[in-house]
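Worksheet for the structure shown next.
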């Protein structure tokens, strides 16, 4: 099963796959989503598998239930073993977030992982409204994209 460098949290029943380079804030955004009622699936690495046209991710066994909190350490948290992804969040610097992404531009609002097309949000994780934007995207974008 392929490994994806990402963290994953279930928010409102849907999996949110948080991607970005090391140090981009994946674990921090995951922690803020968990603090707002989300549930941890995996931190830093996820196993991914396409099943019946959906992307399912789970934590590798060695890191299941563990979240790295910078400046605090690795903590154990309640977690779920797997989830179906409803949204990809790509962490980027503020200058790279398009003010008004063009939905007609290929890849502007979606991406394909393991053959499954998913809604995608490019986000500056340091923005005060980052978690609100994730929740809004989950409410307003289709779970399955063609």
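The values are calculated or read from the model by the stated rules, or taken from the named source; none is laboratory data. These numbers were taken from a predicted model, which means no experiment stands behind them. Don't worry about glycine lacking a Cβ; one is built from the backbone with ideal geometry, like all the others, and counts go over all protein chains shown.
Annotations
- Of note, residue 92 satisfies the criterion of being closer than 15 Å to residue 5 by Cα and either touching a strand residue (DSSP E or B) at 6+ places or on another chain (Cβ under 7 Å) or without any contact (Cβ under 8 Å) to a residue 24 or more places away in the chain (or both).
- Per the listing 53, 12, 36, the residue uniquely touching a strand residue (DSSP E or B) at 6+ places or on another chain (Cβ under 7 Å) and under 22 Å from residue 139 (Cα atoms) is 53.
- Filtered residue count, segment 93-123, keeping only those that are in a loop (DSSP other than H, G, I, E, B), surrounded by fewer than 17 Cβ atoms within 10 Å (Cβ to Cβ) and at pLDDT below 90: 13
- Close pairs (7 angstrom Cβ cut-off, 6 or more residues apart or separate chains): at positive phi in segment 48-59, surrounded by 13 or more Cβ atoms within 10 Å (Cβ to Cβ) anywhere: 53/116
- Segments classed as strands (runs of 3 or more DSSP E), wholly inside segment 38-91, with at least 1 members that are modelled with pLDDT of 95 or more and crowded, with 16+ Cβ neighbours inside 10 Å: 39-42, 45-51, 54-58, 66-69, 82-91
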